[in-house]
Amino acid sequence: MCAHYRPPEKALFLERWSAEPPADWTKADLWPGYAGPFLRRPRAADAGDEAVGPMEAVTGTFGLLPHWAKDESLAKRTYNARSETAAEKPSFRDAWKRAQHCIIPAAAIYEPDWRSGKAVPTRIERTDGVDLGIAGLWDWNAALNMHSMTMLTVNADEHELMRNYHKPGDEKRMVVILPRGLYSDWLDAPAGSSMEFMRQFPADRLVATAELRTSKSTG
């Protein structure tokens, strides 16, 4: 699971993702209910406009807000979606059924390491320094006039790295980190193929670093 992550630096966003960063994204650290960037296929791409890039970056609330959500408080419970049940849960099933796939870019994610008996915030990133491309779902809430997003997760009980995080006794979960070669496939995949992408990212391609302190920075 992931309730805290750091998006890429704005100055590097275009270079790394070939999409202009949203102008209204301001926070350097993101928590449920905060707004950050996600990437999807541009709506104009359906019309075959060659001037439109392969991905567009959109600002969305971290925590999915389906059309029936009356306020933003739901985001604090919908920032992660269990891939095994997303097709059934009211908060996620419409976005799953419509294959509203997105990629949530992250320089790093943070998880609590409880092995010492206390929660130690731990930064997790790729060993090669490349941004994480996290598989997600996006939605639009007309009443709230906002986009939103959620990170999809899989079981990590047997993952050599991610099984070390969260409280003892809890099921271990991890976000779905996509290999770069599958970005386009994920964005274009129909709903019936979504589960094919729900895989663990190799532990030897991730590195974890304990941090003495993290804070909710406003950037």
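The values are calculated or read from the model by the stated rules, or taken from the named source; none is laboratory data. Nothing here was measured: the structure is a model prediction, and the numbers come from that model. Reconstructed Cβ throughout: ideal geometry from the backbone, glycine too, with neighbour counts over all protein chains shown.
At-a-glance table
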item: Gly117 vs. criteria small (Gly, Ala, Ser) and modelled with pLDDT of 95 or more; result: no
item: Boolean, Ala107 is aliphatic (A, V, I, L, M), at pLDDT 95 or above, surrounded by 13 or more Cβ atoms within 10 Å (Cβ to Cβ) and within 25 Å of Glu196 (Cβ to Cβ); result: no
item: Residues of the range 159-216 satisfying the condition of being surrounded by 16 or more Cβ atoms within 10 Å (Cβ to Cβ) and β-branched (Val, Ile, Thr); result: Val175, Val176, Ile177
item: Candidate set from the range 89-98 (those that are surrounded by fewer than 21 Cβ atoms within 10 Å (Cβ to Cβ) and out of contact with any helix residue (DSSP H, G or I) (no Cβ under 9 Å at 6 or more places or on another chain)); member that is nearest to Asp139 (Cα to Cα); result: Asp94
